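Throughout, read-outs are computed from the coordinates displayed, never taken from laboratory work. Being a predicted model, the structure only gives us computed values, none of them experimental. Counting neighbours? That spans all protein chains shown, and the Cβs are built from the backbone with ideal geometry, glycine included.
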């Protein structure tokens, strides 16, 4: 294949990765930014989203788009509810202590993963895409659905940004992130904000998973990759910075796509990890993060 | 899984410690148990214990589940017929997480804690290779159902056997003439980037060359990869046949993305069914596979010429004519491989009877009795077909099936002969000390 089409394919693949990664990492970043909780179980909420998408779309007969749309709405809601329960039962009782919550979310990771293995099983199960239009380029074919993931993800990111910057809920969240004690003093129910943010973070991961599951089946171990990549993105972009997360996701996604097409996927992972090390050494707060107060 | 550096893999330290504690507690419990000595004296009537190293979790989990079902069915059949040497057979299952490190631990656990008579059942080649030294060290007969060439290469040790499924080198050699004659001469290989894939990488080119065909590109893909389109530009345009063998949970994605990339204008496809094992070939997105060919160890779909033994085996394991679990058509089996569990257990039975096996002190005799076996006749104990066994390289050789995807099922279009897959032994395990 010639250089031009080769690069185009690499960029398309990279953009799909970026789109999903941006949503997942944004969830992780929000939870850390507002709650100062490093949620190691984030990848499992992603997995739950995919597994639920399979369950919902299989339960609904008729055109595949119906099942998929139902999954797109219901799966994140259910995952959000599960995250809410986890937050109430575990994180709140630990007073959101940073060290304790890391250990607790590791525990949640294993509990969710093993429950999925027990009730869903070890198989990778497919979800039918809502439409299967194949875009025929002169050099190769490309899935139309994959392109729609990029659009859907962009829409969701814009929506999240609007919520955070233009609504009262967003204002309250940002206030809590800026200084939770002062926010509490001003009558903001910090406790409820935490619960909401944790649920929202999990929902973002779940919605990313529902988008990706028609092109990569639901499997109980699928949460590990996104977790690692999300951490890379969040560290590079700066924990808690929405803009940084977005830029880093596009950067990592595109470089992953291009490097793995032209060289090898292993090299792409090596470079991403090296980048994390460089950022941690030279700019520990991340590219767009602000130094902690 | 991409966490190759182990940054987040806290399971390792966690579980090792737990396993170690369990082992300590169990060891202490055994030492002080008053009945311990008496039990070993009454061994002749105690069950024969088979340690089953199962891929219950990890990328091999779908195989592990069906290996367990097949094993349970075989053990039931053996016990119903009076067990081995008049003793019932008991299977003890430990999960190896499809991980070589844990595989070796599990073998150690069988040897020291469960004190099983043998260890059995491993599929994934990196787990076999990782566990074999532990089996050799414990002088524990280790019967694998892996299909990799590592046992027959004589690079492992005298305690490792593969008597129930043909190895990849032999499979490739017996099918290469068919590929060159029917599919095409210019072949691009796509294989997983670990031991099992390397068998394909190393043995296909010479086998095809002997038939006047050639491998023009080899593409290795990490077994935990979840997206594949990025590899496809490496497939040269002049490719006539794509030879694919993929494993792990993302196999369906692999085949689907291949379909999106090529559409109907594709080269011929020849795949190992590993690329779609435990996956319904009628899944959405797989339509483009119609007309392509697959290797199958044992056919997934019931064939018109199935023997009575094959039918009885399918009924005992509980798979229907489409190779799915009876009562759950979505639960597709790993039919092409799991027959090896059934057949291996009958080889173990035969060898234990030949050796007059009484207990772990007879393990060396069991090894020698297994090495003395030469052939297995087709029948209820070997429903996949007849096999020969080479005791020097601990490997059996059987027939292979080439199946075509037609009308939403796999129909066998060619069966190889045992002689097609025989090769010069690369060594001799029997010269190693016991």
Inter-label distance, nm, simple model (7 Å from Cα along the C-beta direction), residue B:209/residue B:315: 5.0
Fewest-first ranking of A:135, B:399, using other Cβ atoms within 10 Å as the exposure measure: A:135, B:399
Evaluated at q = 0.12 Å⁻¹: base-10 log I(q)/I(0), Debye formula over Cα of chain B: -0.99
Distance between modelled label sites at residue A:281 and residue B:404, nm, 7 Å Cα→Cβ extension: 6.0
Inverse mean reciprocal Cα-Cα distance (Kirkwood Rh) of the range A:3-282, Å: 19.2
Counting DSSP beta bridges with both ends in the protein assembly as shown, the antiparallel % (nearest 5): 45
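Residues of B:230-236, mean number of Cβ from any other protein chain within 10 Å of their own Cβ, rounded to a whole number?
6
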Top of B:316, B:62, B:132 by mean-square fluctuation, Gaussian network on chain B, Cα under 10 Å: B:316
Other protein chain Cβ atoms within 10 Å, averaged over every residue that makes up A:211-221: 5
Sorted peptide list for B:324-330, A:48-54, criterion being average Cβ within 10 angstrom, highest first: A:48-54, B:324-330
Helix-only [θ]222 nm of the protein assembly as shown, DSSP H runs n ≥ 4, -39500 (n - 2.57) each, per residue, nearest 500: -17000 deg cm²/dmol
Overall Cα dimensions of the protein assembly as shown - principal axes, largest extent first, Å: 84, 71, 49
Reference-scaled alpha-carbon Rg (2.2 N^0.38 Å with N residues) for the range B:295-413: 1.21
Crossing angle, helix B:195-209 versus chain B [Cα axis fit, 0-90 degrees, rounded to tens]: 50
DSSP beta bridges in the range B:205-331 [antiparallel fraction, %, rounded to 5]: 20
Between 0 and 90°, nearest 10: helix A:190-212 axis offset from chain A longest Cα axis: 10
Average Cα contact separation per residue, chain A, under 8 Å, 6 or more apart, as relative contact order %: 36
Using alpha-carbon coordinates, inclination of helix B:308-317 to the longest axis of chain B, degrees: 70
Gain upon complete extension [residue A:114, residue A:77; 0.36 nm per residue less C-alpha separation]: 11.2 nm
Sequence of B:344, A:24, A:160, B:70 once ranked by neighbouring C-beta atoms within 10 Å, starting from the fewest: A:160, B:344, B:70, A:24
Estimated inter-spin distance, residue B:426 and residue B:307, nm [label 7 Å along Cα→Cβ]: 3.0
Residue of B:273, B:129, B:219 that the Gaussian network model of chain B assigns the largest fluctuation, springs spanning Cα pairs under 10 Å: B:219
Per-residue Cβ neighbour rank within 10 angstrom, fewest leading, B:155, B:387: B:155, B:387
